[in-house]
Structures are given as structure tokens and as C-alpha cells.
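Notes follow the structure.
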Amino acid sequence: MGGLDWTIGRGARPMVVVDEAARQVDEPPPHGKIGMSTAWRITDGVPGRMMEYRKRALHPGAAIGVHPIAHDEVYAVVSGEGEVVSDGVTARLKPGMTAYLYTGAQVGIRQTGTAPLVLIISYPLEKVPQK
């Protein structure tokens with residue numbers, strides 16, 4: 001839609017600036033509710049979005065349980081350490097590392113060490129939400 005608007009001279013949609021603090025919630029992580037986490041649902045409520053972009057801190061001992069994914073996902077480590085698993089293969093992660101996970105894989109991630117594992121998680125939406 002933005003490309004069409006630009007082509008006919010109406011300009012693209014304006015940007016959306018999100019205050020993370022307004023999107024923060026403490027909750028058990030998805031896919032098993034293992035431990036506790038802090039989630040920032042950064043793109044929730046962004047009109048016409050095509051992707052999900054979130055931040056999640058897995059508190060010590062917490063994990064997103066192994067589950068199938070229906071789209072590619074990216075887990076980028078901001079701070080802390082953890083282990084990611086994809087179809088039975090495990091890799092250690094630390095700050096500055098990113099796991100690219102493929103459609104159809106069985107994936108999960110868990111916090112290790114003493115500090116929370118803070119991740120940026122992003123994936124495409126199958127259907128653009130109407131808001």
C-alpha cells in the first residue's frame with residue numbers, strides 16, 4: 001500500500017514509534033510456561049504490520065519450550081546466555097549471536113547462567129492484522 005501511495009504521489013504511511021515500557025508484561029514464557037519472563041510486545045497494535053518484533057527476557061531457569069514453527073524466526077541475543085535447539089541440534093548463544101530458525105523446525109530456547117537471557121524475536125506474520 002505504501003508503494004502505491006508513493007507512486008500516485010500520496011506518500012507512504014507515517015512511521016509508528018513504540019514506547020517499550022507501554023508494551024511490557026511479566027508472564028511465563030510460551031510453549032510450556034517454564035519459569036518466568038518479561039515480554040515486550042513491541043509491534044502489537046501497529047496498524048498494517050507485516051512482521052512480529054518482540055523483546056523477551058527469560059529469567060534464570062526459564063525457557064520457551066520446544067515447539068514447531070510455521071515460519072522462519074530470528075532470535076538475536078542482546079544480553080545473557082542460553083541454549084537454542086532446532087530439530088534436536090543444540091547451540092550455545094551469547095550476546096552478539098543470532099539464531100536463524102527455519103519453517104517446520106521444532107525449536108526452543110532456554111536461559112543459562114546467572115543473568116536473564118534477553119532476546120529480540122522477529123518473524124513474518126501469515127496474515128496482516130486489521131487495526
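The values are calculated or read from the model by the stated rules, or taken from the named source; none is laboratory data. All figures in this text were calculated on a predicted structure; none of them were measured in a lab. Virtual Cβ from ideal backbone geometry, glycine too; neighbours counted across all protein chains shown.
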_What's the total number of residues in the stretch 78-131 that are touching a Ser or Thr at 6+ places or on another chain (Cβ under 7 Å), over 16 Å from Ile34 (Cβ atoms) and assigned to a strand (DSSP E or B)?_
3
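Among the residues of the stretch 26-58, write down those that are of a type outside the set (Gly, Ala, Ser), over 30 Å from Pro14 (Cβ atoms) and surrounded by fewer than 18 Cβ atoms within 10 Å (Cβ to Cβ). Please lay out each step first, then the result.
At the first step, the residues of the stretch 26-58 found to be of a type outside the set (Gly, Ala, Ser) are 26-31, 33-34, 36, 38, 40-44, 46-47, 49-56, 58.
Those still in the list that are over 30 Å from Pro14 (Cβ atoms) too: 26-31, 33-34, 36, 58.
Across the stretch 26-58, the qualifying residues are Asp26, Glu27, Pro28, Pro30, His31, Lys33, Met36.
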*asked:* Taking the condition of being part of a loop (DSSP other than H, G, I, E, B), at pLDDT 95 or above and over 14 Å from the mean Cα position of the chain (by Cα), how many residues in the stretch 15-69 meet it?
replied: 9
*Using beta carbons and a limit of 7 Å, which pairs, at least six apart or on different chains, have the first residue in the stretch 113-125 and farther than 13 Å from Val78 by Cα and the second one of a type in the set (Phe, Trp, Tyr) and in a strand (DSSP E or B)?*
Ser122/Tyr53
